[in-house]
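Below is one structure, written out as structure tokens, with a few remarks after it.
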Amino acid sequence: KGTMVTTQKFSRPLYMGLGFLCVGLGLLGTVIPGMPTTIFLILAVSCFGKSDERMELWLLSHPQFGPTLRDWKEHRSIRKRTKIVSVSMVAMMIAISVWATQRPITQGILILVGTLVCLYILTRKTKAESVITSNPD
């Protein structure tokens, strides 16, 4: 039992610090083209889930990011539109990076990493979009 208390004493602040770092990186991603936002916020939700319930709830209820984060947390799914935007952005940034570098090994690594990231995104469950229909009556 003493080991559990000691581990928790150190892990809670570590997870909280990582959570805030990921929120900061995610927010940077909203203003820096090509830098991811969602993955950092997903990591932040996970970290706050182990350290600070108030911050976890704040992210999950955020008007802009909350729906995507809840989809991931509850169903491990990504909306179709989010997949399209994510894969497009990864592909564009990898293409620009490959074009900008002259080193074949670096180009190969970039292409490999970009391909793996895209495959990961595309192989996650796709969240069904909610359809609002009007009643003709």
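Using 0.36 nm per residue of separation minus the Cα-Cα distance, give me the extension gain between residue 75 and residue 16 in nm, one decimal.
In short, 18.9 nm is gained.
Note on the range 31-76: percent of Cα-Cα distances in each 5 Å bin, starting at 0 and stopping at the bin with the largest distance, equals 5, 23, 32, 24, 11, 5, 0. For the cross-link pairs 9/73; 9/50; 73/125; 73/127; 83/127, the ones whose C-alpha atoms lie over 19 Å apart are 9/73.
Which FRET efficiency value, to the nearest 0.05, do you get for residue 105 and residue 85 by plugging their Cβ-Cβ distance into 1/(1 + (r/R0)^6) with R0 = 25 Å? Show your work: numbers first, answer last.
Working: r = 30 Å, r/R0 = 1.18.
Efficiency at R0 = 25 Å is approximately 0.25.
Compute the signed sum of charges (Lys and Arg +1, Asp and Glu -1) over the other residues within less than 11 Å, Cβ to Cβ, of residue 46. After counting each charged neighbour, the total is +1. Per atom type, the range 38-137 shows carbon and sulfur on 63% of its accessible surface, probed at 1.4 Å.
Altogether, the Stokes-Einstein calculation at 10 °C and 1.306 mPa s, with the Kirkwood radius of the chain over Cα pairs as Rh, returns a diffusion coefficient of 93 µm²/s.
Between residue 92 and residue 122, residue separation times 0.36 nm minus the direct Cα-Cα distance comes to 9.2 nm.
Averaged per residue, the chain has 71 square angstrom of accessible surface, using a 1.4 angstrom probe with ligands and nucleic acids left out.
The values are calculated or read from the model by the stated rules, or taken from the named source; none is laboratory data. The shown structure was predicted, so the numbers you read here are calculated from the model rather than taken from an experiment. FYI the Cβ positions are ideal-geometry reconstructions off the backbone, even for glycines, and counts take in every protein chain you see. The accessibility values were calculated without ligands, DNA or RNA, using every heavy atom of the protein model including side chains. Shrake-Rupley method; radii C 1.70, N 1.55, O 1.52, S 1.80 Å.
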